[in-house]
1. Check off (1) under 15 Å from the mean Cα position of the chain (by Cα); (2) more than 15 Å from ligand 2 (Cβ to nearest atom) for R186 and give me the number that stays unchecked.
2. Please enumerate the residues belonging to region 13-48 that are away from ligand 2 (no atom under 16 Å from the Cβ) and either under 16 Å from C101 (Cβ atoms) or crowded, with 19+ Cβ neighbours inside 10 Å (or both).
3. Among the residues of region 187-209, which ones are surrounded by 15 or more Cβ atoms within 10 Å (Cβ to Cβ), of a type outside the set (A, V, I, L, M, F, W, C) and within 21 Å of G129 (Cβ to Cβ)?
4. Scan region 107-116 and give yes if some residue there is crowded, with 16+ Cβ neighbours inside 10 Å and either farther than 22 Å from R198 by Cα or near ligand 2 (Cβ under 10 Å from one of its atoms) (or both), otherwise no.
5. Residues that are in contact with a Phe, Trp or Tyr (Cβ under 9 Å, 6 or more places away or on another chain), among the charged types (D, E, K, R) and within 14 Å of ligand 1 (Cβ to nearest atom): does region 110-129 have at least one?
6. Taking region 146-159 on its own, how many of its residues are loosely packed, with under 15 Cβ neighbours inside 10 Å and more than 16 Å from ligand 1 (Cβ to nearest atom)?
7. Counting only residues that are in contact with a Pro (Cβ under 9 Å, 6 or more places away or on another chain) and among the hydroxyl-bearing types (S, T, Y), which one in region 126-167 is farthest from ligand 2 (Cβ to nearest atom)?
Amino acid sequence: MRTIAVLPVKSFGRAKQRLTGGFPDRPGLAAAMVADVLDALAQVPELDQVIVVTAQAVSADRRVTIVHDPVEAGQSAAAARGIEAALERGAERVLLVPGDCPTLDPREVSALLAIRAGVVIVPDRHGTGTNSLLLTPPTVIAPAFGEGSFARHRGLAEAAGASFHVAQAGSLELDVDTRDDLAALRRALGARPGGAVRTRALLEEAAVA
Ligand SMILES: Nc1nc2c(ncn2[C@@H]2O[C@H](COP(=O)(O)OP(=O)(O)OP(=O)(O)O)[C@@H](O)[C@H]2O)c(=O)[nH]1
Ligand SMILES: C=C(OP(=O)(O)O)C(=O)O
């Protein structure tokens, strides 16, 4: 089943506003996390392509398509733009992934893609947000990210009469928005050697600065 990942990426200079005062180089952190997410997605054989939706210059491999986001109207609008581009490229399902989950484990993504349901959701670590959505078909529901999005996506799936599955994928449940998330990231990176190479290096560099 032709599967395309869609990764919305806000301009790094405008990203991670909730980390103001929590980390010296927010743009650098946003860029490092996106690069680590892309590295991880590149190791998922079940993905036919990756679409990055952004106004930002992003370096990536040949399997990545950049779709321009001139308006930056939010994650949902960017995700919708990516879904449209994925449909044009023959996607039968799309995996929506955020760019701020640097611990993303390719093996967990493969396990996620083995689940058969109209809407598969990976909640954030608080259980109230949405860190990833697997949509089959890509238009089964419209992305509705933001506060309380887990319940909203479940409601949309029910209203659409789509099957709904909540997936446990620890490496995808940690998105980095706040100082607490950054502390949780440091713990997660300390507990698991390897992966998130750029994010790990930036945090280590900041720690000794
Ligand atoms: N292309 C695009 N991506 C976005 C936009 N808003 C958010 N994103 C991406 O959606 C994902 C989750 O977004 P947030 O958690 O809100 O990240 P953020 O906007 O950097 O964080 P805050 O500035 O604290 O809200 C990240 O990969 C963001 O880069 C947007 O307007 N356009
Ligand atoms: C976008 C979401 O949350 P956050 O902005 O905290 O990543 C969400 O969980 O839908």
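1. With (1) under 15 Å from the mean Cα position of the chain (by Cα); (2) more than 15 Å from ligand 2 (Cβ to nearest atom) applied to R186, the lone miss is (1).
2. Those that are away from ligand 2 (no atom under 16 Å from the Cβ) and either under 16 Å from C101 (Cβ atoms) or crowded, with 19+ Cβ neighbours inside 10 Å (or both): A31, A32, A35, D36, L38, D39, A40, L41, A42, Q43, V44, L47.
3. Taking region 187-209 first, the residues surrounded by 15 or more Cβ atoms within 10 Å (Cβ to Cβ) are 188-189, 195-196, 198-200, 202-203.
After this cut, where a residue has to be of a type outside the set (A, V, I, L, M, F, W, C) as well, the list is 195, 198-200.
Within region 187-209, T199 is the sole residue that qualifies.
4. Residues of region 107-116 crowded, with 16+ Cβ neighbours inside 10 Å: 108-109, 112-113.
Now narrow it down to the ones that are either farther than 22 Å from R198 by Cα or near ligand 2 (Cβ under 10 Å from one of its atoms) (or both): 112-113.
Checked region 107-116: at least one residue is crowded, with 16+ Cβ neighbours inside 10 Å and either farther than 22 Å from R198 by Cα or near ligand 2 (Cβ under 10 Å from one of its atoms) (or both).
5. Yes, region 110-129 has at least one match.
6. Filtering region 146-159 for residues loosely packed, with under 15 Cβ neighbours inside 10 Å gives 146-148, 151, 155, 158-159.
Pick out the ones that are also more than 16 Å from ligand 1 (Cβ to nearest atom) and you get 151, 155, 158-159.
Within region 146-159, residues that are loosely packed, with under 15 Cβ neighbours inside 10 Å and more than 16 Å from ligand 1 (Cβ to nearest atom) number 4.
7. Per the criteria, the residue is S132.
None of the figures in this text is laboratory data; all of them are computed from the coordinates on show. Keep in mind that this is a model prediction, so the values were computed, not measured. Glycine gets a Cβ as well: all are built from the backbone with ideal geometry, and neighbour counts include every protein chain shown.
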